[in-house]
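The values are calculated or read from the model by the stated rules, or taken from the named source; none is laboratory data. Just so it is clear, the structure is predicted and the values come from calculations on it, not from any experiment. Note that we place each Cβ from the backbone using ideal geometry, even for glycine, and neighbour counts take in every protein chain shown. Note: areas computed on protein heavy atoms with side chains; ligands, DNA, RNA excluded. Shrake-Rupley method; radii C 1.70, N 1.55, O 1.52, S 1.80 Å.
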Amino acid sequence: MKNIFRKLSLYSVALATVSFGSCSLEEYNPAGFTKENLATSIEGYETLINQCYFAMERYFYGTDSWMSLTEGDSDLWTYQANQSTSYTQWFWFFAGASANTTYTNNWWNGTYDGVGSCNEAIALAGNAPYKTEAERNAKVAEARFLRAIYYFNAVEQFGGVVMLTEPETTVNYTPQRTDPMTIYKEVIIPDLEFAAEWLTVGTDATTTTPTKKAALGFLAKVCLQTYEYGSEEYLQKALDTAKELIADCEAGGGKYNTHMYPTYEEVFKEANNWENKEALWKHRWYAGADGHGSSNGNYKLNRNNEYFLCNVNKFGAREDNQETRLTWEGCISGIFMPTQHLLNLYVQNDGTLDPRFHSSFTTEWNANKDYTWDASAVNMYDKDASVVGQSLKKGDLSIKFIMPQDAEYTQEKANRHTSDYLLIAYEDVYNDGERNVNMQYKGTENQFRYFYPSLNKHNSSRYYVANASKKRNGNLNATFMMRMAEVYLIAAEADIYVNGGTNAMGYINKVRTRAGATPLTGTATVRTVLDERGRELCGEYCRFYDLKRTGMFKNKNYLEETHPDLAQFFDPNYALRPISTTFTATITNGAEFQNPGY
């Protein structure tokens, strides 16, 4: 995630004997140094710190399908066009087939690559000749922050994992798992507390390197997450930490540089992306002559923009071309389709749409080529015969999805058979009675289900063009791992657990009022917070963990209500991912090491 100019070693090999294909110190030993000697200069020690970021960049936020592990298999998303034959491990709990037990390789391996790098940097900190302990601790705080994030994601994805806090020097063929709460208590929470004390405040331009507000934000987040394990020990800390950030934010950010934009639209405006004020922690990839880009290839940078666009190129007025891919809404078709439940979360109690819907989702696309309707397309999209021969010019409106709450819904729906553009009414795609997607339209395959509101939070028009002929482009925009609005919702949920919700609705309404949504009334429940998190934070690495924490994965009742197509494949064991059998086959206690249900 930084300009890592030395790839030093891969530490998880000491945990198991999985080969990750990475260089070791013996394979590439800069200037003949050992790691211990390398740490005796500030430049050398900071190389060790840089190494801590490597796995985070390569496998986690923004890259390599991490969005699928944190947002997929949830109530908010189904697979493209609601198909259940692809990406089944990420959207359908394996769709009733035998579970894939190797797809988690990268994240398991990456976790221990990252943890090992952090342990090495922490252990060797004393060798570095910093002038003050404060300077030293600020660098150690980076390693401890990252170690906490690696372990947080590891326990939420896999449950009990091997807890390593010192550099490993021997190969362990019989590793033992440590329960999640012990890891929270002994590593995750203390590491974030240390980071909150010693990290710098930073500025809006600070990118990748965590700051105090990042540490405090994640401290509140992880303390709240411990509720999943039946513990109330850290709920007050979750609330207090969230309140500390909120107080700073509402006082102008003088202590921690915390801010919330006055409007929701400003949060995801591209002009605000690189120096986003609301982001507590963000990362921006860079590729060029003076940067390394990503070790996965310089076009595989921030991939999030590729995950959410519907298949607009299925309609003849659209084509996949390099010119379009470099525009704000021009990436390739994605794998995330909003569920009926997610779209209906934006319908307010008075029947109007929450303003965040049209800010968060694209529902109109222009033609990117000249097009003339023919009889085949007219038949496919249920148009009147009079549409045959009508033409669209490049730049004309070509596809539009309308919600029942849109002012023009009734009129446009009435004209959808004769309009010269493809008009999709909500009810053509979504079924409120069945709470799912219509797979049939007038007795045949529903062609309209390929077109749906597409999340645009991760859109970009800034790319590194790696290979124009192959349309390989790296998204240069930053991804936000956490932002200030979530802190208010953490405070609301924690307040429900600690105080019975006395102040919870106030925190929720701060988020809603900023968005221009109608304030809620009454007493907030956990479901109130969960629904608000869906509206505010969909597509932001949260939902799978939210459902775990709030008990929605204890049985299939919640999914039967919100995403019945997914509920049919649900097994409570699937609240944890399988530990890769590439790993378990290598150790001597692999059978007992695997998670139940796999």
Original post:
Any idea what the dipole of the range 331-405 comes to, in debye rounded to 20, about its Cα centre with Lys/Arg Cβ at +1 and Asp/Glu Cβ at -1?
Top reply: 200
**OP:** Give me the angle, in degrees from 0 to 90, between the Cα long axis of helix 504-515 and the longest principal axis of the Cα atoms of the chain, rounded to the nearest 10.
**Re:** 60
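Can you classify the range 248-393 as rounded, prolate or oblate using the Cα gyration tensor, where a ≥ b ≥ c are the square roots of its eigenvalues, rounded means a/c under 1.5, and otherwise it's prolate if a/b beats b/c and oblate if not?
Details: a/c = 2.88, a/b = 1.49, b/c = 1.93.
Taking the square roots of the gyration eigenvalues as a ≥ b ≥ c, the range 248-393 is oblate.
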**OP:** Any aspartates and glutamates with Cα under 14 Å of the residue 243 Cα? List them, leaving off those in the same chain fewer than 8 positions away.
**Re:** 486, 493, 495
**OP:** Note the angle between two axes, namely the Cα long axis of helix 133-158 and the longest principal axis of the Cα atoms of the chain, as a number of degrees from 0 to 90, rounded to the nearest 10.
**Re:** 50
Subject >> Magnitude of the charge dipole, the range 449-587, Cβ model with Lys/Arg +1 and Asp/Glu -1, debye to 20 >> reply: 660
Original post:
Considering amide H positions built from the backbone, and no H for Pro or chain starts, which residues 5 or more places from residue 282, or on another chain, come under 5 Å of its amide H?
Top reply: 208, 481
**OP:** Can you tell me the 0 to 90 degree angle between the C-alpha axis of helix 235-250 and the longest principal axis of the chain, rounded to 10?
**Re:** 70
Subject >> Candidate residues 359, 68: accessible-area rank, largest first, probe 1.4 Å >> reply: 359, 68
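Normalising by the residue count of the range 353-453, find the relative contact order in percent from Cα pairs under 8 Å and 6+ residues apart.
Details: 147 pairs, mean separation 25.3, N = 101.
The normalised contact order for the range 353-453 reaches 25 percent.
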Original post:
Which ³J(HN,Hα) values in Hz, rounded to whole numbers, follow from the phi angles of the range 182-195 under the Karplus curve 6.51 cos²θ - 1.76 cosθ + 1.60, where θ = phi - 60° and Gly and Pro get x?
Top reply: 5, 5, 4, 5, 9, 10, 4, 5, x, 5, 6, 5, 4, 5
Subject >> Alpha-carbon centroids, the range 191-223 and the range 566-598: separation in whole Å >> reply: 33
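For a quick protection proxy, order the peptides 49-58, 439-448, 415-424 by their average other-Cβ count within 10 Å, most packed first.
Details: 49-58: 24.0, 439-448: 12.6, 415-424: 18.6.
Most protected by this proxy first, the peptides run 49-58, 415-424, 439-448.
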Original post:
Check residue 62: other-chain or 5+ apart residues with amide H under 5 Å from its amide H, H built from backbone geometry?
Top reply: 67
Subject >> Calculated from backbone phi, Karplus (6.51, -1.76, 1.60) coupling profile of the range 560-572 in Hz, x at Gly/Pro >> reply: 4, 7, 9, 8, x, 4, 7, 4, 5, 9, 6, 9, x
Original post:
Of 235, 66, 505, which is farthest along the charge dipole of the chain in the positive direction, counting Lys and Arg as +1 and Asp and Glu as -1 at C-beta?
Top reply: 66
**OP:** Check cross-link reach from residue 314 to the lysines: straight Cα distance under 23 Å, and skip same-chain residues fewer than eight apart.
**Re:** 369, 383, 393, 394, 400, 413, 442, 457, 470, 471
**OP:** Using +1 at the Cβ of each Lys and Arg and -1 at the Cβ of each Asp and Glu in the range 123-162, identify which of 154, 143, 129 lies farthest towards the dipole's positive end.
**Re:** 129
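With +1 assigned to the C-beta of every Lys and Arg and -1 to the C-beta of every Asp and Glu, and no other charges, what is the dipole magnitude of the range 209-338 about the Cα centre in debye, to the nearest 20?
Numbers: 15 positive and 18 negative charges, 48 e Å.
My answer is approximately 240 debye.
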Original post:
Once the whole set of protein chains is in place, how much accessible area is left on residue 233, using a 1.4 Å probe, in Å² to the nearest 10?
Top reply: 110
Original post:
What ³J(HN,Hα) values, in whole Hz, does the Karplus curve 6.51 cos²θ - 1.76 cosθ + 1.60 give for the range 540-549 when θ = phi - 60°, with x put for Gly and Pro?
Top reply: 10, 6, 10, 5, 4, 5, 4, 5, 5, 4
Original post:
Got a number for the accessible area of residue 152? Probe 1.4 Å, square angstrom, nearest 10.
Top reply: 0
Original post:
Considering amide H positions built from the backbone, and no H for Pro or chain starts, which residues 5 or more places from residue 161, or on another chain, come under 5 Å of its amide H?
Top reply: 178
**OP:** Sort the range 203-326 into rounded, prolate or oblate with this rule: let a ≥ b ≥ c be the square roots of the eigenvalues of the Cα gyration tensor; rounded if a/c is under 1.5, and if a/c is not under 1.5, prolate when a/b is larger than b/c, oblate otherwise.
**Re:** prolate
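For the chain, what does -39500 (n - 2.57) per DSSP helix run (n ≥ 4), summed and divided by total residues, give at 222 nm, in deg cm²/dmol to the nearest 500? Mind showing how you got there, number by number?
Working: 26 runs with 220 residues, N = 598.
Taking each H run of at least 4 residues, the total per residue is -10000 deg cm²/dmol.
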**OP:** Using only protein heavy atoms and a 1.4 Å probe, report how much of residue 391 is accessible, in Å² to the nearest 10.
**Re:** 60
